[in-house]
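Let me begin by presenting the structure, written as structure tokens, before commenting on it.
Coordinate-derived values only; no laboratory data. Everything numeric here is computed off the predicted structure, so don't read it as measured data. Cβ atoms come from the backbone with ideal geometry, glycine included; neighbour counts cover every protein chain shown.
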């Protein structure tokens, strides 16, 4: 167990070291996607059973490639293994917990969010108007750093509970609104 | 401290020392225990704080938000003891620090656990979520709290010590009174007894414990001593009275003695004077009588010569009677003179051979007593110490007497010998078988002019034995006689033996 933990630290460390040396936006975003799994709670109904995997979905053109698969490989959060599933169209989106929506899908945001309405899926994107358009978490790249912008009302509407600790580390939109 | 000083002070010192040591040990133990527990509590509190902060900084680390991390750390501003804090990321590189922009130097890489330094407590807390380690929180707390506690406890301890000490002093003063009071009372009483020899004092009894019994025993001893002292004093007083009485009696005796001696001396002196006067009187009388007597005798002789042819026979007989009476009177006067001389002349003591002296005397008597049949029995005699001339007189008188009073005996038997010693003196006797005398007159024999026979029967002046007694008494001896009428007499004299007497008994 200890050995596994050490190995994990080594792996994560290795990947982040890589990210730090050359600012690798893709790798950071992939890691963040994985990290969301640790700071977000989903309603139990969103899983098929107690051992069902936590699924990270990528909609549209996948910017990560193997990087995301490498990040989640062998990882488990709260007893659930992680898996990455890629979708081409919104209609293809099945049960998943985190969904990265590529910027290429920007013109279709309204339709996408309409389709995902009320489903407990944490939507993540990096388009400039992603959060304001109804997305939940937006990657903001600023001076070689990737920061987060969270649309709190959207998460609440979807029944996804974002940890206050994550909120602390992010710019929160609509914090004062009551759902 | 324990050698000198009063009992009270020692007792106090013991109580205070004991309570002080107990207090110090108690305080010390408590302080040490508290410091140890407080240190671990301090570490535990810091660890709790670190865990909270670490939990709050997981997202900041996970999403590389240094601003948020710094903000999380800035919460330590509310905890003044936190001197420095830092977050390291999963690679061990410094991620965020507190206080912002300080010059505090942080460890280059994170460690594990906690450690107490000289002035700080350093703690590392892993930042992890869901079993994944995201980084490490570093906290450095100064030990102000600890030192503050040290000061507080030290102050409290000192205050407690001082107060306990004061209470102990107060208590010991009150409590030790129960112990020291009887002992001090005993000491005071003993002091009075030894200083003033007053055995009537008694120590006060305060309690029923060993000290009370000690006091009782001491008082009992005092009573005993007092009784003995009183009896001793009485005996001494009685002794003193007796001694005084005896001294007074002795004084009286001494006064009486002195009076007696004085009176004896006075009498003796008077007697001496009287004696001397008497002797000088008798001497001068005897002396003065001789001259007229010589005239009487001379003229009687001349008268006889002148009237030789014309005197009748009767007249001639008268003249002869006058002459013989005159001769007798002359003899009497000579004897008196000799007697009186014996009492006056100086004595010259020397060793005298009795054998020689008696031999000469017998020789002289033999020539004058021709025609007498006398048997002399003389034993060898020792030498004596005496005046030779006087001693010659003694034996001349005694032997003359013996010859005289044995006139009618034929043969006359005269014995001279030594009977032995009476104390340091020889007893010499002269015995004859002559007329003797009645023993009741034995004491009268030695008086002057005392005669037991008529002068017609035995001639004599009656002075001889008086002279013998006088001489022997002057030599310190005594003289006595034993006799029976018709059976002879025996005269005894005691004389001082010469230095080496030839004892022949």
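Given C-alpha coordinates of chain B, what is the ratio Rg to Rh with the Kirkwood estimate of Rh?
Here the Rg-to-Rh quotient is 1.87.
Which of B:204, B:210 has the fewest other C-beta atoms within 10 Å, and how do the rest follow up to the most?
B:210, B:204
Taking the Cβ of each residue in B:97, B:268, B:58 as the centre, tally the other Cβ atoms inside 10 Å and list the residues starting with the fewest.
B:268, B:97, B:58
Would you mind computing, in nm to one decimal, how far apart the modelled labels at residue B:77 and residue A:25 are, each placed 7 Å from Cα along Cα→Cβ?
3.5
For the stretch B:90-130, what is the relative contact order in percent, using Cα pairs closer than 8 Å and at least 6 residues apart in sequence?
On the way: 22 pairs, mean separation 11.5, N = 41.
For the stretch B:90-130, the relative contact order is 28 percent.
Pairwise over distinct Cα atoms, reciprocal of the mean inverse distance: report the Kirkwood radius of the stretch B:129-226 in Å, one decimal place.
After inverting the mean inverse Cα-Cα distance, the result is 19.2 Å.
In nm, give the distance between the simple-model label positions of residue B:281 and residue B:370, each being 7 Å from the Cα along the Cα-to-Cβ direction.
Going by the 7 Å Cα→Cβ label model, 4.5 nm.
Can you list, bin by bin at 10 Å, the percent of alpha carbon pairs in the stretch A:42-179, starting at 0?
Taking every Cα pair in the stretch A:42-179, the percentages come to 12, 42, 39, 7, 0.
Please list the equivalent ellipsoid semi-axes of the stretch B:145-197, computed as the square roots of five times the alpha-carbon gyration tensor eigenvalues, in descending order and whole angstrom.
47, 9, 5
When the label point is put 7 Å from the Cα of residue B:206 along its Cα-to-beta-carbon vector, which residues of the stretch B:143-185 have a backbone N closer than 12 Å?
Only B:173-185 fall inside the zone, counting backbone N under 12 Å.
Taking the alpha-carbon centroid of each part, what is the distance from the stretch B:431-466 to the stretch A:61-99 in angstrom?
Comparing the Cα centres of the stretch B:431-466 and the stretch A:61-99, I get a distance of 197 Å.
Calculated from DSSP H runs of 4 or more alone, at -39500 (n - 2.57) each and per residue, what is the 222 nm mean residue ellipticity of chain B, nearest 500?
About -20500 deg cm²/dmol.
Let me know the mean shielding of B:124-134 by other chains, meaning the per-residue number of their Cβ atoms within 10 Å of its Cβ.
Mean shielding count: 4.
Working from the pairwise distances between different alpha carbons, so that the mean of 1/r is found and then inverted, what is the stretch B:1-71's Kirkwood radius in Å?
17.1
So the label point goes 7 Å from the Cα of residue A:48 along Cα→C-beta, right? Which residues of the stretch A:74-104 then have their backbone N under 15 Å from it?
The answer is A:80-85, A:94-97.
Relative to 2.2 N^0.38 Å, what does the C-alpha radius of gyration of the stretch B:340-386 come to as a ratio? Two decimals please. Don't skip to the answer; put the middle values down first.
On the way: Rg = 14.3 Å, N = 47, 2.2 N^0.38 = 9.5 Å.
Taking N as the residue count of the stretch B:340-386, the ratio is 1.50.
Kindly state, to the nearest 0.05, the FRET efficiency for residue A:85 paired with residue B:151, given R0 = 56 Å and r defined as their beta-carbon distance.
With R0 = 56 Å, the Cβ-Cβ based efficiency is 0.30.
Return the ratio Rg/(2.2 N^0.38 Å) for the stretch B:390-505, where Rg is computed over Cα atoms only.
This ratio for the stretch B:390-505 stands at 1.06.
In percent, what relative contact order does chain B have, based on Cα pairs under 8 Å that are 6 or more apart in sequence?
9
Tell me the label-point distance for the pair residue B:350, residue B:32, using the 7 Å Cα-to-Cβ offset, in nm and rounded to one decimal.
12.2
Show me A:37-43, B:349-355 ranked by packing, highest mean number of other Cβ atoms within 10 Å first. List each step's numbers first, then the result.
Values: A:37-43: 18.9, B:349-355: 15.3.
Output ranking for A:37-43, B:349-355: A:37-43, B:349-355.
Rounded to two decimal places and with Rh computed the Kirkwood way over Cα pairs, what is Rg over Rh for the stretch B:210-324?
Numbers: Rg = 44.3 Å, Rh = 23.5 Å.
Radius of gyration over Kirkwood radius for the stretch B:210-324 works out to 1.88.
Consider just the alpha-carbon atoms of the protein assembly as shown and return their Rg together with their Dmax, both in angstrom.
Rg and Dmax of the protein assembly as shown, Cα atoms, are 83.6, 250 Å.
Ranking A:117, B:114 by Cβ neighbours within 10 Å, fewest first, what do you get?
Values: A:117 10, B:114 19.
Fewest-to-most ranking of A:117, B:114: A:117, B:114.
For the stretch A:48-123, what D do you get in µm² per second when you plug the Kirkwood radius from alpha-carbon pairs into Stokes-Einstein at 20 °C and 1.002 mPa s?
The estimated diffusion coefficient comes to 164 µm²/s.
Could you work out, residue by residue across A:24-36, how many beta carbons of other chains sit within 10 Å of that residue's beta carbon, and then give the average as an integer? Don't skip to the answer; put the middle values down first.
Details: counts 0, 0, 0, 0, 2, 0, 0, 3, 3, 0, 2, 9, 2.
The per-residue average across the peptide is 2.
Any idea how far the Cα center of the stretch B:1-58 sits from the one of the stretch B:166-223, in Å?
42
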